[in-house]
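Contents: one structure, followed by commentary.
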Ligand code: 5AD
């Protein structure tokens, strides 16, 4: 099949076979794939890129995921937890800079009960004109409902891999089925649901195809993926990305083609992976960019993996430089909250 008709077929009627075929196309077709993806994104999202300010509220974590640099047993991590007041103040500051969404992210820190998180969200909503996304791990359906009632608009919880076997190997004490159940609960609570996986966590393209297809079947509002980066503080310190780098970028393009409605960020891990990595994802597939607005003194200790860019940049600079970057690539910076368009997409 000619590349254009293969891509059109993938767009109209995505199947695992088609995803696999596109993943395995020769590198000389890469430009065509990325161009197709960019056209889908531009058509559906009107060339608008939404900026979301990330606040890394705590690097405490009860888990010990094999790849993650803030796992419970990682040594040499300076642990911190922002106070409720600091978090709210930081969200108000992000809003004053121009952000219309703040994303509160943390390790799975038992200090942050649903009650505490709910109170923080309520207070942010009282003081700032922002949508709030949480990314703080697994809670029960009732707790997600409470968070929704407290004003939480969106929730990010990656499934990390669709392989049950690899999931249990890499996430000591955690179960894949519970992860998926949590995602269903988030969805059922009425919160806009985001998930995704680590590209390269499984070493073969058949499993990668399964990961991509799981994103599609979960019917997600937001899809966040990034390449796995070796972290020296973990047991995966010698990890080597198992594919050509193009596979990571192509994964994002395929995701865009099969989930045109989804909010897809160009994640920071791409910058650690490849020079100008985030910009490449922005050129091809993403419609969301997530600068870091965590106060510098905390941010330096939130190392899921060794970061290569922006770690010592102030929040103000990261907003301005991101806006400039977006506009220099011919995009428009989103002015609104940038809520999910999934329902509208299916209605039209
Ligand atoms: N490399 C890339 N991404 C990582 N994450 C955690 N550790 C790493 C790593 N070493 C990702 C996980 C998690 C998200 C917040 O960060 O996918 O869900």
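Bear in mind these aren't lab numbers, they're just calculated from the coordinates by the rules spelled out. Quantities reported herein were computed from a predicted structural model and do not represent experimental measurements. Cβ placement follows ideal geometry from the backbone for every residue including glycine, while neighbour counts extend to all protein chains displayed.
Details
- Among (1) within 16 Å of the ligand (Cβ to nearest atom); (2) under 19 Å from residue 11 (Cα atoms) - the single one residue 254 does not satisfy: (1)
- Filter result for residue 254 (buried (at least 24 other Cβ atoms within 10 Å of the Cβ), in contact with a strand residue (DSSP E or B) (Cβ under 7 Å, 6 or more places away or on another chain) and either touching a residue at least 40 places away in the same chain (Cβ under 8 Å) or within 27 Å of residue 72 (Cα to Cα) (or both)): no
- The set of residues in the stretch 100-133 that are touching a strand residue (DSSP E or B) at 6+ places or on another chain (Cβ under 8 Å) and in a helix (DSSP H, G or I) comprises 117, 120, 121, 124, 125.
- Within the stretch 151-165, the set of residues being in a loop (DSSP other than H, G, I, E, B), touching a strand residue (DSSP E or B) at 6+ places or on another chain (Cβ under 9 Å) and free of Cβ contacts under 8 Å to residues at least 60 places away in the same chain comprises 151, 152, 157, 159, 161, 162.
- So residue 220, is it farther than 21 Å from residue 18 by Cβ, in contact with a strand residue (DSSP E or B) (Cβ under 9 Å, 6 or more places away or on another chain) and within 15 Å of the ligand (Cβ to nearest atom): no
- Selected residue [surrounded by fewer than 17 Cβ atoms within 10 Å (Cβ to Cβ) and touching a strand residue (DSSP E or B) at 6+ places or on another chain (Cβ under 9 Å)] from 292, 301: 301
- Per this entry, residue 168 is counted among residues that are surrounded by fewer than 23 Cβ atoms within 10 Å (Cβ to Cβ), in a helix (DSSP H, G or I) and free of Cβ contacts under 8 Å to residues at least 24 places away in the same chain.
- Of all residues in the stretch 192-201, none are out of contact with any helix residue (DSSP H, G or I) (no Cβ under 8 Å at 6 or more places or on another chain), surrounded by fewer than 20 Cβ atoms within 10 Å (Cβ to Cβ) and farther than 19 Å from residue 284 by Cβ.
- Residue 303 farther than 27 Å from residue 6 by Cβ, within 16 Å of the ligand (Cβ to nearest atom) and in contact with a helix residue (DSSP H, G or I) (Cβ under 7 Å, 6 or more places away or on another chain): no
- Considering residues of the stretch 171-200 that are assigned to a loop (DSSP other than H, G, I, E, B) and under 21 Å from residue 261 (Cβ atoms) only, the residue nearest to the ligand (Cβ to nearest atom): 196
- Members of the stretch 186-219 that are touching a residue at least 60 places away in the same chain (Cβ under 8 Å) and within 17 Å of residue 101 (Cβ to Cβ): 192, 194
- Residue list for the stretch 269-278, filter: out of contact with any helix residue (DSSP H, G or I) (no Cβ under 7 Å at 6 or more places or on another chain) and buried (at least 18 other Cβ atoms within 10 Å of the Cβ): 269, 272
- Residues located in the stretch 324-340, provided they are on the phi < 0 side of the Ramachandran plot and more than 19 Å from the chain's Cα centre (by Cα): 324, 325, 327, 328, 329, 331, 332, 335, 336
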